[in-house]
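In what follows, a single structure is set out as structure tokens and then discussed.
The values are calculated or read from the model by the stated rules, or taken from the named source; none is laboratory data. Everything quoted here is computed from the prediction, not taken from an experiment. Backbone-built Cβ (ideal geometry, glycine too); neighbour counts: all protein chains shown. All accessible areas refer to the heavy atoms of the entire protein, side chains included, with ligands and DNA or RNA removed. Shrake-Rupley method; radii C 1.70, N 1.55, O 1.52, S 1.80 Å.
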Amino acid sequence: MTSTDSAGSEESPHGDRPDGRPRRRRKHKPRSQRPRRHDRETSAGGLVVAGLDGPPEEFRAALIGRLDKAGRMRWSMPKGHIEPGETAEQAAVREVKEETGIDGAVLASLGSIDYWLHGQGKRVLKTVHHYLMRFQSGELSDEDVEVTEVAWVPLSELPTRLSYADERKLAAIANNLIEGMRASSDGSPSS
């Protein structure tokens with residue numbers, strides 16, 4: 001069999017309906033003219049760690065706690081929207097300061113997390129860029145209205161304290177990065 005041409009030759013069986021009639025081909029609008037099915041948001045934040053010059057048992061990370069709709073405390077890494085003109089790293093440092101009161105310096109990227117938000121009649125695809133940061137200065141503060149609590153949490157407790165699986169994976173990456181940095185700085189593997 002051959003494909004259909006303007007002279008009316010036979011139809012190819014590929015793409016036909018079970019009854020042999022050809023399927024109608026849809027004409028698609030250019031991507032720029034199609035209605036948007038969702039919005040996109042981009043944020044940045046990170047894991048700021050204190051005690052990196054001491055033994056591993058003294059490593060602490062600043063986490064934020066927020067109450068969910070059911071009244072449960074959800075612990076996570078501080079994060080927020082990237083402002084116009086800001087890089088993701090700059091936004092991460094600013095958001096950590098706003099949500100925890102802590103000044104941090106970016107050491108490395110931990111990666112990004114994508115997830116969907118649903119509400120108010122729309123879907124939003126959110127991307128959050130996370131960074132490992134070294135504590136520089138400041139004191140924990142929960143003055144940000146979006147934050148219920150802040151806490152210094154031992155790195156060893158992050159797998160059980162962080163509420164979200166994706167952030168627990170990033171905490172494991174941070175732990176590996178810290179071990180690698182310590183090993184390269186003092187020439188011996190760290191424990």
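Out of all the residues in the stretch 44-54, which are open to solvent by 30 Å² or more (accessible area, probe 1.4 Å) and either of a type in the set (Val, Ile, Thr) or at pLDDT 95 or above (or both)? First the steps, then the outcome.
So in the stretch 44-54, the residues open to solvent by 30 Å² or more (accessible area, probe 1.4 Å) come out as 51, 53.
Within the stretch 44-54, just Gly51 meets the criteria.
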Among Glu83, Glu57, the single one that is touching a Pro at 6+ places or on another chain (Cβ under 9 Å) and open to solvent by 50 Å² or more (accessible area, probe 1.4 Å) is Glu57
State which residue is most open to solvent (accessible area, probe 1.4 Å) when the search covers only the stretch 124-156 and only residues that are under 18 Å from Glu167 (Cα atoms) and not in a strand (DSSP E or B).
-> Ser156
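Scan the stretch 104-116 and tell me whether some residue there is in contact with an Asp or Glu (Cβ under 8 Å, 6 or more places away or on another chain) and acidic (Asp, Glu). If you could, list the steps in order and put the result at the bottom.
Here is the first cut: in the stretch 104-116, the ones in contact with an Asp or Glu (Cβ under 8 Å, 6 or more places away or on another chain) are 106, 113, 115.
Checking which are acidic (Asp, Glu) leaves us with none.
No; the residues of the stretch 104-116 include none that is in contact with an Asp or Glu (Cβ under 8 Å, 6 or more places away or on another chain) and acidic (Asp, Glu).
Of the residues in the stretch 144-183, how many are hydroxyl-bearing (Ser, Thr, Tyr) and within 15 Å of Pro55 (Cα to Cα)? Steps first, please.
Of the stretch 144-183, the ones hydroxyl-bearing (Ser, Thr, Tyr) are 148, 156, 160, 163-164.
Subsequent filtering for residues that are within 15 Å of Pro55 (Cα to Cα) retains 156.
Total meeting the criteria: 1.
Okay, residues lined up against (1) basic (Lys, Arg); (2) touching a strand residue (DSSP E or B) at 6+ places or on another chain (Cβ under 7 Å):
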residue: Thr100; (1), (2): no, yes
residue: Ala105; (1), (2): no, yes
residue: Gly111; (1), (2): no, yes
residue: Trp116; (1), (2): no, yes
residue: Gly119; (1), (2): no, no
residue: Arg123; (1), (2): yes, yes
residue: Lys126; (1), (2): yes, yes
residue: His130; (1), (2): no, yes
residue: Ser137; (1), (2): no, yes
What number of residues within the stretch 66-80 are over 14 Å from Tyr131 (Cβ atoms) and either touching a helix residue (DSSP H, G or I) at 6+ places or on another chain (Cβ under 8 Å) or surrounded by 14 or more Cβ atoms within 10 Å (Cβ to Cβ) (or both)?
-> 4
All-but-one check, Leu170 against (1) in contact (Cβ under 8 Å) with a residue 40 or more places away in the chain; (2) aliphatic (A, V, I, L, M); (3) open to solvent by 30 Å² or more (accessible area, probe 1.4 Å), failing number (3)
Mind telling me which of the residues Arg123, Arg168, Arg182, Arg94 ends up being closer than 17 Å to Trp75 by Cα and basic (Lys, Arg)?
-> Arg168
Somewhere in the stretch 86-98, is a residue open to solvent by less than 70 Å² (accessible area, probe 1.4 Å) and of a type in the set (Asp, Glu)?
-> yes
Residue under evaluation Gly121, criteria (1) open to solvent by 70 Å² or more (accessible area, probe 1.4 Å); (2) in contact (Cβ under 8 Å) with a residue 12 or more places away in the chain; (3) not hydroxyl-bearing (Ser, Thr, Tyr), criterion not met = (2)
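Can you confirm whether the stretch 89-96 contains a residue that is outside any loop (DSSP other than H, G, I, E, B) and touching a Lys or Arg at 6+ places or on another chain (Cβ under 8 Å)? Steps first, answer last, please.
Of the stretch 89-96, the ones outside any loop (DSSP other than H, G, I, E, B) are 89-96.
Narrowing the set further to residues that are touching a Lys or Arg at 6+ places or on another chain (Cβ under 8 Å) leaves 92, 95.
So far as the stretch 89-96 goes, yes, one or more of its residues are outside any loop (DSSP other than H, G, I, E, B) and touching a Lys or Arg at 6+ places or on another chain (Cβ under 8 Å).
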